[in-house]
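For reference, the structure is listed below as structure tokens.
The values are calculated or read from the model by the stated rules, or taken from the named source; none is laboratory data. Quantities reported herein were computed from a predicted structural model and do not represent experimental measurements. Here the Cβ positions follow ideal geometry from the backbone for every residue, glycine too, while neighbour counts run over all protein chains shown.
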Amino acid sequence: MNEKTFMKQHNFKLETKSRLFATAIFALSTITPQLANADTLTQLLKRTARVSDDIPLQSSDDVLLRLRKLPTLHPSKDALQSAGEAALKNPEDLRAAAVLIDGAKRIDQAVPDISLRSDLLSRSGNDVLQSAGLRTEAAGDLVYLDSYFRRADLEIPSQFRRATMTDFATVAADDIRWTFWQKYVQPNKELWAGSAALTAYLVAPEMWHDAAGNITEKAVTLAGDLGGELLAAMLRGVRKGGENMGKKVAGEIPSLLGSSFITWLGVIAFVAILAVTLLAPLRNRVFSLLRRFIIGKSSRQTDADSF
């Protein structure tokens with residue numbers, strides 16, 4: 001290769017590199033203003049939850065990493081679009097960020113009081129956003145859980161630590177644990193939250209259910225030790241199935257009964273509610289009788305008014 005040919009090739013390479021560099025500079029000059037004007041994920045979450053910009057919210061880096069490790073994420077289309085317009089640090093966080101956006105929207109809907117909503121996000125922002133983003137039903141449980149976690153009078157057995165919203169977020173992220181939560185805990189949360197039983201489940205869910213999310217007999221016994229016989233009776237009844245619920249629960253609670261008339265009334269009311277709620281034939285019969293009574297009474301009243 002002679003010197004003239006070498007110089008020509010060298011100049012061509014320099015010119016090519018210069019063009020590429022200029023193209024890159026031009027692209028950056030057009031993109032940078034957009035990125036500068038885009039909301040960060042934190043700003044977007046606050047706006048979606050409709051809380052003030054000065055509400056402290058933890059960095060989302062840790063929760064995004066947790067969400068990326070989950071096998072499947074199912075954010076809404078609107079949340080995906082919003083996440084795509086945000087200034088995300090990592091493009092791989094798109095679906096995880098969309099889950100948090102869904103969570104912010106559901107919290108706004110489930111907690112209409114802005115002061116409660118603001119306090120909830122200030123204390124447990126990422127965890128509540130993850131929980132509500134992964135499970136639509138979780139948003140309605142967040143306020144009472146937040147109050148439960150802050151109870152100073154809650155006596156926790158030495159083998160358990162105090163539960164946090166992170167524990168609930170972990171339950172919400174697991175299909176089996178969430179099955180247990182919906183079947184056994186959520187419908188009877190007042191009974192669980194009246195003692196350390198709720199804490200014991202959240203910090204050690206593996207002690208409570210089998211691989212399918214069904215409660216074990218040992219767990220029922222543990223529930224009785226921590227939450228009392230009424231909670232154990234309810235769980236044992238649900239475990240055995242809804243049929244003959246009144247009889248099963250009645251068989252579990254003689255130990256509860258003392259001489260107090262109020263105690264008897266409470267037990268009778270509890271069994272009656274369970275029976276009417278869980279036994280379809282009985283429930284239908286009660287509703288039918290009520291409907292006939294109301295319609296009949298209304299009809300008689302109308303006839304009387306016509307005279």
So Pro112 fits all but one of (1) part of a helix (DSSP H, G or I); (2) at pLDDT 95 or above; what number is the exception?
-> (1)
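State all residues of region 142-156 that are touching a residue at least 12 places away in the same chain (Cβ under 8 Å) and surrounded by fewer than 22 Cβ atoms within 10 Å (Cβ to Cβ); if no residue qualifies, say none. Show your work before the answer.
The first filter runs over region 142-156 and keeps only residues touching a residue at least 12 places away in the same chain (Cβ under 8 Å), leaving 142-146, 148-149, 154-156.
Val143, Tyr144, Asp146, Tyr148, Phe149, Leu154, Glu155, Ile156 - these are the residues of region 142-156 that are touching a residue at least 12 places away in the same chain (Cβ under 8 Å) and surrounded by fewer than 22 Cβ atoms within 10 Å (Cβ to Cβ).
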Any chance region 72-87 includes a residue that's assigned to a loop (DSSP other than H, G, I, E, B) and touching a Ser or Thr at 6+ places or on another chain (Cβ under 9 Å)?
-> yes
Find all pairs meeting these conditions: Cβ atoms under 6 angstrom apart; at least six residues apart or on different chains; first residue within region 157-181 and within 15 Å of Gly133 (Cβ to Cβ); second residue among the charged types (D, E, K, R) and not in a loop (DSSP other than H, G, I, E, B).
-> Met165/Asp127; Thr166/Asp127; Ala169/Asp127; Val171/Arg177
What single numbered condition from (1) of a type outside the set (Val, Ile, Thr); (2) in a loop (DSSP other than H, G, I, E, B); (3) surrounded by 14 or more Cβ atoms within 10 Å (Cβ to Cβ) fails to hold for Leu129?
-> (2)
